[in-house]
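Written out below as structure tokens is the structure these notes cover.
Readers should treat all values here as calculations from the given coordinates under stated rules, not as data from a laboratory. Just so you know, these numbers come straight off a predicted model, no measurement behind them. Every residue, glycine as well, gets a Cβ built from its backbone with ideal geometry; the counts of neighbours run over all protein chains shown.
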Amino acid sequence: MILASNAKNAMLQGLVDTLNVGTNAKLSIYIGTEAAAVFDMPNPIEQSIVNGVLTFNLPTKVLATISGQPTNAKLVDSAGVEVAEFNVSTEIVLDKASIYSGGYVSLIALSITI
């Protein structure tokens, strides 16, 4: 099956509509099983949806609570329900390869392509 761009965009818009309901969605960056940094995502969460690519608005930097090499990230809606999981460095780009407790962590890029 090959989806047309408008169908892909509609699917991504449904995801965005879910994430924009209520208070802000949250993106947690994990080191192993522990959350090292938690971002309050902007509302609206989307910067754009074009040709099957959802580009996210980026949150402000946050302080890390533990140190180490980030492994994955989880995006939850305002009710705390997990919506997506990302691999750090391949699907989500941070400002640095390692996170240090008490230091700032910034999200450089986040998008979903279908």
| said: From the gyration tensor of the Cα coordinates in the range 5-113, what semi-axes in whole Å does the equivalent ellipsoid have, largest first, with each one equal to sqrt(5λ)? | reply: 24, 14, 11
| request: Within the set of other residues whose C-beta is less than 14 Å from the C-beta of Thr113, count the net charge using Lys and Arg as +1 and Asp and Glu as -1. | output: -1
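What's the extension gain from Glu34 to Ser98 if we count 0.36 nm per residue and subtract their Cα-Cα distance? Provide the component values of the computation, followed by the final result.
Numbers: separation 64, 0.36 × 64 = 23.04 nm, distance 1.44 nm.
Full extension from Glu34 to Ser98 adds 21.6 nm.
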| said: Give me a comma-separated list of calculated 3J(HN,Hα) values for the range 69-81, in order, Karplus coefficients 6.51, -1.76, 1.60 applied at θ = phi - 60°, integers in Hz, x for any Gly or Pro. | reply: 8, x, 10, 8, 9, 10, 9, 10, 7, 5, 8, x, 7
| remark: Which residues qualify? For Glu46, with a placed amide H closer than 5 Å and at least 5 residues away or on another chain, they are Asn57
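For the ranges 93-99, 1-7, 25-31, 14-20, what's the packing order if you count other beta-carbon atoms within 10 Å of each residue, average per peptide, and put the highest first?
Numbers: 93-99: 14.4, 1-7: 9.0, 25-31: 21.0, 14-20: 16.3.
Taking the mean over residues of other Cβ atoms within 10 Å, the ranking is 25-31, 14-20, 93-99, 1-7.
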| query | Placing +1 at every Lys and Arg Cβ and -1 at every Asp and Glu Cβ, with all other atoms neutral, what dipole size does the chain have around its Cα centre, in debye to the nearest 20? | reply | 160
